[in-house]
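Okay, so here's the structure we're looking at.
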Amino acid sequence: EDYWNAGLLFASVSMPAVDDQRFKEIVQVQKYGVNDVKGAIETLVGTAPRFGKVAVTATIDNQTTPEEMERLTIYARSVGALISFQPYSASKPAFASNFYDAKSDRRKITAETLEGVFEGSIAATILDLKRKYGNVVGRAVAFRNFDVFVREGEIPFKPRSLKIYTDGSIGLYPEGKTFSDIDTNSPQHVWRDYRQHVESLREKGELRAPNCYRCVNLTTPATPVGDLVGNALRAATKVF
């Protein structure tokens, strides 16, 4: 309720499976399970104001089946949440991919999986779910690109999504490198750093990520909710 009252309008919670064993295999943690994540989703939905939206973000990897995707969609709809599907990709911060061998990652979606499990199109599966249940979010053109990404083995992306950390540092995603600090620098300084960082990336040509993803549990020290809300409001004021 504190987050919503502070002005939060949208929350996305990652939950790639409804089965607890499968969930733990994907996220590679044992200290919590799928019921903990469901609790977070349902708390968000239950406390959201009239215009607040909550979405389940589900990653499709080489073991995902259309049936599993439908179970996720049904769960999200049953609790009043939206659902967004994303392909398993390496668009994580560079430091999360150290010593990571993309070729040996069995979670990578292969062309064989695309043809054998999804009859040639993950997009068609997602669009069918969207028509059937109505709570799947995303544009059809983006869904159709999933199939292209799998066949080409790489995902083209543009570095334009900003993530503000609780310590004030700012990262540009999907590239992920921290380039400025919102708590110590002026908005003008942050904007200048942003422009310089983006231009340096563009000079390297089109950015492409291997179609695989290292699933890591990145954590930061616990911060009181009040501090988080205050940081979020200060960040929103300075950025926007």
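The values are calculated or read from the model by the stated rules, or taken from the named source; none is laboratory data. Treat the numbers as computed from the prediction; the structure is a model and nothing was measured. Cβ placement follows ideal geometry from the backbone for every residue including glycine, while neighbour counts extend to all protein chains displayed. Keep in mind that these areas ignore ligands, DNA and RNA; they rest on the heavy atoms of the full protein, side chains included. Shrake-Rupley method; radii C 1.70, N 1.55, O 1.52, S 1.80 Å.
For segment 171-181, the set of residues classified as at pLDDT below 70 and not small (G, A, S) consists of L172, Y173, P174, E175, K177, listed by residue number. Checked against the criterion of being open to solvent by less than 60 Å² (accessible area, probe 1.4 Å), closer than 30 Å to V190 by Cβ and at pLDDT below 75, the candidates G168, G138, G153 yield just one match: G168. Which residues, counting only those in segment 156-165, are open to solvent by 50 Å² or more (accessible area, probe 1.4 Å) and either at pLDDT 60 or above or among the hydrophobic types (A, V, I, L, M, F, W, C) (or both)? Within segment 156-165, L162, K163, I164, Y165 meet the criteria.
Here is a yes/no grid of residues against (1) surrounded by 18 or more Cβ atoms within 10 Å (Cβ to Cβ); (2) within 21 Å of G134 (Cβ to Cβ):
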| residue | (1), (2) |
| --- | --- |
| E1 | no, no |
| S12 | no, yes |
| F23 | yes, no |
| I26 | yes, no |
| R50 | no, yes |
| K53 | no, yes |
| T57 | no, yes |
| I83 | yes, yes |
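Open to solvent by 20 Å² or more (accessible area, probe 1.4 Å) and either under 24 Å from D19 (Cβ atoms) or at pLDDT 95 or above (or both), is that true of E115? No; evaluated as a whole, the condition is false for this residue. Residues in segment 1-49 that are aromatic (F, W, Y) and more than 13 Å from A81 (Cα to Cα): Y3, W4, F23, Y32. Checking the structure you have, find out if any residue of segment 3-21 is among the hydrophobic types (A, V, I, L, M, F, W, C), in contact with a strand residue (DSSP E or B) (Cβ under 6 Å, 6 or more places away or on another chain) and over 23 Å from R71 (Cβ atoms). Yes - at least one qualifying residue is present in segment 3-21.
Screening segment 28-48 for residues that are surrounded by 14 or more Cβ atoms within 10 Å (Cβ to Cβ) and among the small types (G, A, S) and picking the one that is nearest to R106 (Cα to Cα) gives G33.
Here R22 fulfils each of the conditions (1) modelled with pLDDT under 95; (2) under 13 Å from the mean Cα position of the chain (by Cα); (3) over 29 Å from F179 (Cα atoms) apart from (2).
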